[in-house]
Amino acid sequence: MTRFRWLVPTLYILFLMLPIYWLLNMSFKNTNEILGTFTLWPQNLEIYPRY
Amino acid sequence: MEKTLNNKAWFMVLPVLLIVALNAVVPLMTVVNYSVQDTFGDNVFFFEGTRWFSDVLASERFHGALMRQFAFTGTILVIEIPLGVAIALAMPRSGFWASVCLVFMALPLLIPWNVVGAMWNIYALPDIGLLGYGLNWLGIPYDYTQQPLSAWFTVILMDVWHWTSLVVLLAYAGLQSIDDNYYRAAQIDGASRWAVFRFIQLPKMKHVLTIAVLLRFMDSFMIYTEPFVLTGGGPGNTTTVLSIDLVKAALGEFNLGIASAMSIIYFLMTLLVCWLFYSITMQGDQK
């Protein structure tokens, strides 16, 4: 039981990081990629300011 | 060494007391003022007595928002407190990994509330968000913009994401303060893991957990920004908690009398529950 104790904080940290990753991921996508397809990471890294 | 008692020291805190009294009491008195008056504009007010209070207390809309508020606060407390304690118990007690855990767990606490709402809004969208898309991909019908149950699930999950770390950090601090001799004594007596938790760790964490419950109760009872950004109180008014309803009444409908009476009832309820909880929890210590 105690051998797998590290799993609890690890899974919790994963749960904490996923929304932050998704926000970061979205911030590098262009609008077409955000709205057109579902991608786990940016296909064309968008680094030009569009705001 | 004997401590000397000098009552003149109270004068040193008098300026702070005055400033706090002014910036807390004056706005509160404005609300009290509005709650017993009505106006037709032009800054002309007339006395209404307790009409707004009886209107609010008899209103089904207020009852609905209050019930949703209690349901939300109750649910997040039931999830966050045990989960926070369980994670704190499983964390390494010292060393490099303890620091790594603490840094990662503190991250959500540093993110502004409106950013948390916006982040979860994107994350949970059924067509482009990882959570929404993932759940639908698994065959679970999920759309927080249309389904009340999905909206509730998302609002609660968002709060668990944002604030469980606070409970973890408080519980972890409580655990760290326990002297090793207690564990050694338990080992000599052959105590089980459960007995160590029940008779050593839990009593030693009592004060920090009281603070954790109070902080989480007050914060969740006054929650506004996150659900407002995420769902705007919808679909319909299924996630309209007290604060969202209050802002709708005050700023959306410009119903100042009703909104002020609601504010006072809301404030008194928070105060009462905190006082009750604190008194009951601390009763054991005074005996």
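Bear in mind these aren't lab numbers, they're just calculated from the coordinates by the rules spelled out. Just so it is clear, the model here is predicted, and its values are computed rather than measured. We place every Cβ from the backbone using ideal geometry, glycine too, and count neighbours over all the protein chains shown.
Assuming charge only on the beta carbon of Lys and Arg (+1) and of Asp and Glu (-1), the dipole of the protein assembly as shown about its Cα centre is about 1160 debye to the nearest 20. Shown in residue order for segment B:59-70 are the 3J(HN,Hα) couplings computed by the Karplus curve 6.51 cos²θ - 1.76 cosθ + 1.60 at θ = phi - 60°: 7, 5, 4, 5, 4, x, 5, 5, 4, 5, 5, 5 Hz (x for Gly and Pro).
Within segment B:119-133, which residues have the backbone N less than 11 Å from the label spot 7 Å out from A:L35 along Cα→beta-carbon, could you tell me? Residues passing the 11 Å test: none.
Helical content of chain B, expressed as a calculated mean residue ellipticity at 222 nm, amounts to -23000 deg cm²/dmol (DSSP H runs of 4 or more residues, -39,500 (n - 2.57) each, divided by residue number, nearest 500).
Taking the Cα centre of chain B as reference, the dipole from Cβ charges on Lys and Arg (+1) and Asp and Glu (-1) amounts to some 960 debye.
With everything on Cα atoms, drop me the angle between helix A:7-27 and the longest principal axis of chain A, reported from 0 to 90° to the nearest 10. It works out to around 0 degrees.
In segment B:1-88, taking the dipole from charged Cβ atoms about the Cα centre, the farthest positive-side position among B:V25, B:G84, B:A71 is held by B:G84. Across segment B:258-268, coupling constants 3J(HN,Hα) worked out from phi with the 6.51/-1.76/1.60 Karplus curve, θ = phi - 60°, read 4, 5, 5, 4, 4, 4, 5, 4, 4, 4, 5 Hz, and Gly and Pro carry x.
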